[in-house]
Amino acid sequence: MNEYDSDRMQDLLNLSHGFETVESAEEADLILLNTCSIREKAQEKVFHQLGRWKKLKEKNPDLKIGVGGCVASQEGAKITKRAPYVDLVFGPQTVHRVPTLYENTTKKDSSVIDISFPKTEKFENLPEPTSDGPSAFVSIMEGCNKYCSFCVVPHTRGNEISRSLESIIEEIISLSLKGIREIVLLGQNVNSYRDSKLKTKGLGLSNLIRAVADVEGIDRVSFTTSHPFEFGQDLIDIYTEVPELISHVHLPVQSGSNTILKAMRRRHTRDEYIETINKLKEIRPGISISSDFIVGFPGETEEDFQDTLDLTDEVEYDESFSFIYSPRPNTTAKDLEDTVSPQEKKERLDRLQTKLEQSALSISRRMVGEVSNSLVTGVSKKDPGEFQARTENNKVVIFSCDDQNLIGNFVPVEIVEAKTKSLRGIYRPEC
Ligand code: SAH
């Protein structure tokens, strides 16, 4: 979501003031830092980074520095108190106002702050996304109403707001005319998507997916991030109906222990989660499942943690993300007693990550010999003489081919080798 917001800031400032991106901070007239406050570490990095840029401002007094995103939303004027050389502070919901806010900084001496939550204004005032590959992010909703006890998102991004289905589809049609083949539907909690035009009946995500897949030229659809609590039967069924829907789902579970799930206010049990996964696997054999995990949540015992490890065996996850719990401002868990020692947290994280790496690798190894209809996304980052594509279950595969016109096409690639972060393949046009 932050990547999406940063791209929109670039597009907006380019349209309004002709700003172009430069390679280094030294060359810039305006520096915007788009921040994340999901964990404390991310938040602390903001002030370290600002400290480094302060020196640039001493050399170039015309330089403007802005802070956006969730740390800005959370800290507001405290940012300019701690770093008075910051000219501009804006939250995730006021990204579209950045050109005007920037304009105001050139007119007045004090810093400009706007961290309000105007309802759907942002959606209606952003330029259409630009993209340099065959995939595009399309924002469909923002915010979250779930209030999981550990999570700062509802406090920084606000409550759930959805775009109208009509405007989403309009945007996707226009993207497809520009050659986009894959759409990633984006939101903090996409399962709660409700078409904002139909307030009471509000058609949901499954309906939107069907409409997106129907757009001519769009042959791959995915979504992120979703919450297991709202992964209903209609969304499961859509995997049967819509072949364009990618065979990968990122479904964060956080913990495999019912006690911890309850303390996290996740609103589902371990068994309910497994049931959802099993239904998906039944409909789509070969679907890859990834997740986010938190270790060291207050009260997590070795037994609870063992439940998480067992769950990873049961589900067999593809590449996933795991974190040590970090208490966040305004959340209900923030005052819970920290019962797990720092060393124990680190050890649990290591054990979990080792397991997750092993299971991702064994999924990759099992794919060796398969031919996957893969979307060529560009040239390989490591070797521009090779292509990079994503398989039907969203894994990166690298392969070579003399034909230079493959980018943006779906091509058959035979998987020949499994590496930790990617696969190696051979182009099989005859398949
Ligand atoms: N919408 C997602 C959350 C996205 S945030 C969901 O409902 O699960 C991305 C990930 O950051 C979360 O899934 C969680 O694993 C991690 N995270 C969120 N808050 C955290 C915290 N306070 N401490 C550690 N990790 C956290």
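The values are calculated or read from the model by the stated rules, or taken from the named source; none is laboratory data. These figures come from a predicted structure and were not determined experimentally. So basically every Cβ, Gly included, is an ideal-geometry build from the backbone, and we count neighbours across all protein chains shown. Ligands, DNA and RNA are excluded from the accessible area calculation, which covers all protein heavy atoms including side chains. Shrake-Rupley method; radii C 1.70, N 1.55, O 1.52, S 1.80 Å.
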Cβ-Cβ under 7 Å pairs, at least 6 apart or on other chains, the range 237-261 side at pLDDT 95 or above, far side of a type in the set (A, V, I, L, M) and in a loop (DSSP other than H, G, I, E, B):
244/218; 247/287; 248/287; 249/287; 254/264; 255/264
Which one of 117, 137, 123 is aromatic (Phe, Trp, Tyr), away from the ligand (no atom under 16 Å from the Cβ) and touching a helix residue (DSSP H, G or I) at 6+ places or on another chain (Cβ under 6 Å)?
117
Suppose we filter 330, 278 for residues that are of a type outside the set (Ser, Thr, Tyr), under 22 Å from residue 362 (Cβ atoms) and open to solvent by 60 Å² or more (accessible area, probe 1.4 Å); which single one remains?
278
Residue count for the range 207-263, restricted to those that are over 17 Å from the mean Cα position of the chain (by Cα), within 16 Å of the ligand (Cβ to nearest atom) and closer than 15 Å to residue 287 by Cβ
2
Test residue 292 against the stated conditions and say whether it is surrounded by 14 or more Cβ atoms within 10 Å (Cβ to Cβ), modelled with pLDDT of 95 or more and under 25 Å from residue 249 (Cβ atoms).
yes
Residue satisfying condition, being open to solvent by less than 40 Å² (accessible area, probe 1.4 Å), among the hydrophobic types (A, V, I, L, M, F, W, C) and touching a Lys or Arg at 6+ places or on another chain (Cβ under 6 Å), within set 352, 356, 361, 375:
375
Is there a residue being open to solvent by 30 Å² or more (accessible area, probe 1.4 Å), under 30 Å from residue 152 (Cα atoms) and touching a helix residue (DSSP H, G or I) at 6+ places or on another chain (Cβ under 8 Å) anywhere in the range 406-421?
no
If the Cβ limit is 7 Å and pairs must be 6+ apart or interchain, which residue in the range 149-160 that is assigned to a helix (DSSP H, G or I) pairs with which residue that is open to solvent by 30 Å² or more (accessible area, probe 1.4 Å) and within 10 Å of the ligand (Cβ to nearest atom)?
153/188; 157/188
Residue selected from the range 128-144 under the condition part of a loop (DSSP other than H, G, I, E, B) and not acidic (Asp, Glu), by the criterion nearest to residue 158 (Cα to Cα):
143
Exactly one of 94, 130 is open to solvent by 40 Å² or more (accessible area, probe 1.4 Å), under 30 Å from residue 176 (Cβ atoms) and not acidic (Asp, Glu), and that residue is 130
Could you look through the range 11-30, keep only residues that are in a loop (DSSP other than H, G, I, E, B) and aliphatic (A, V, I, L, M), and pick out the one that is farthest from residue 128 (Cα to Cα)?
28
I'm told residue 150 meets every condition in (1) crowded, with 21+ Cβ neighbours inside 10 Å; (2) within 30 Å of residue 378 (Cβ to Cβ) except one. Can you identify the failing condition by its number?
(2)
Could you please tell me which pairs satisfy a Cβ distance under 8 Å, a separation of 6+ or placement on different chains, a first residue in the range 304-328 that is within 19 Å of residue 148 (Cβ to Cβ), and a second residue that is open to solvent by less than 50 Å² (accessible area, probe 1.4 Å) and away from the ligand (no atom under 16 Å from the Cβ)?
311/274; 320/360
Restricting to the range 1-42, give me the number of residues that are more than 16 Å from the ligand (Cβ to nearest atom) and without any contact (Cβ under 8 Å) to a residue 60 or more places away in the chain.
17
